[in-house]
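What follows draws every value from the coordinates through simple rules; no lab data is involved. No experiment lies behind these values; they were computed from the predicted model shown. In this analysis, Cβ positions are derived from the backbone assuming ideal geometry, glycine residues included, and neighbour counts consider all displayed protein chains.
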Amino acid sequence: MTSKSYTKIFKQLKAKPVKLAKFKKHNQPKKKGFGSGSRKCKRCGRYGAHISKYKLNLCRQCFREIAVKIGFRRYY
Ligand SMILES: [Zn+2]
């Protein structure tokens, strides 16, 4: 029962619902509450250079691409 992604094992444990519940209880990744790992770009999924101002939730690269489309007149 070893796999890189923990969701891959669900396929193996589908026939065993009790074991699946136990596996989820102990191996599910914890939900991030704070820090850079909790903020993700909603467009590409990048973690770095996050812009949360005005509730954009974009990385700087995506913001640069779509800033004019959203309605920003100037950006840096
Ligand atoms: Zn992005």
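Residues in the stretch 24-76 that are in contact with a Ser or Thr (Cβ under 8 Å, 6 or more places away or on another chain) and either in contact (Cβ under 8 Å) with a residue 24 or more places away in the chain or within 16 Å of the ligand (Cβ to nearest atom) (or both): 4 in all. As a summary of the residue check, residue 22 satisfies the conditions (1) surrounded by 13 or more Cβ atoms within 10 Å (Cβ to Cβ); (2) among the basic types (Lys, Arg); (3) under 27 Å from residue 9 (Cα atoms) except for the one numbered (1).
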